[in-house]
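Read the figures in this text as sums done on the coordinates, not as results from a lab. Quantities reported herein were computed from a predicted structural model and do not represent experimental measurements. Positions of Cβ are generated from backbone atoms using ideal geometry, with glycine treated the same way; all protein chains shown enter the neighbour counts.
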């Protein structure tokens, strides 16, 4: 298991490009850490003010940084992958209730190259599901009305 301690590993991101291509970044409660593709610990990123709840991690679109957040303190850090320097840090004000972090334009790994579902098809599937649920509800009401008429 990818873990440097008895802490829990949460978010996991594979670095897609650059000098760290194929390495894995994880939020590991007490720190953010990087492993090589064989699972060997490469780097531990110290997060000032971390209360042991490093929970979320996403790659920045610039390709050189990642963002991670501590659910206990509500702190968020932008960290340089190569140097470990904290580029930015702020407090969300939601310590104890901060359980996710999304970065606009974030780099995602995997899932590429496969077929995608175009948006009109998604809407059609959703509407078909609603119609099916409405039909089932109608049948239940009709059966209940028939039983109460007897």
The chain, relative contact order [Cα under 8 Å, separation at least 6], %: 15
Residues 81, 107, sorted so that the one with the fewest Cβ neighbours within 10 Å comes first: 107, 81
Residue 41 paired with residue 131, simple spin-label distance in nm, labels 7 Å along Cα-to-beta-carbon: 5.7
Over the chain - Rg/Rh using Cα atoms and the Kirkwood inverse-distance radius: 1.25
Principal-axis tilt of helix 119-149 within the chain, Cα atoms, nearest 10 degrees: 40
The range 1-87: C-alpha gyration tensor shape, a/c 1.5 cut-off, then a/b vs b/c: oblate
Highest-first arrangement of 126-139, 63-76, where packing means the average Cβ count within 10 Å: 63-76, 126-139
The range 12-91 - percent relative contact order, Cα under 8 Å, separation 6 or more: 20
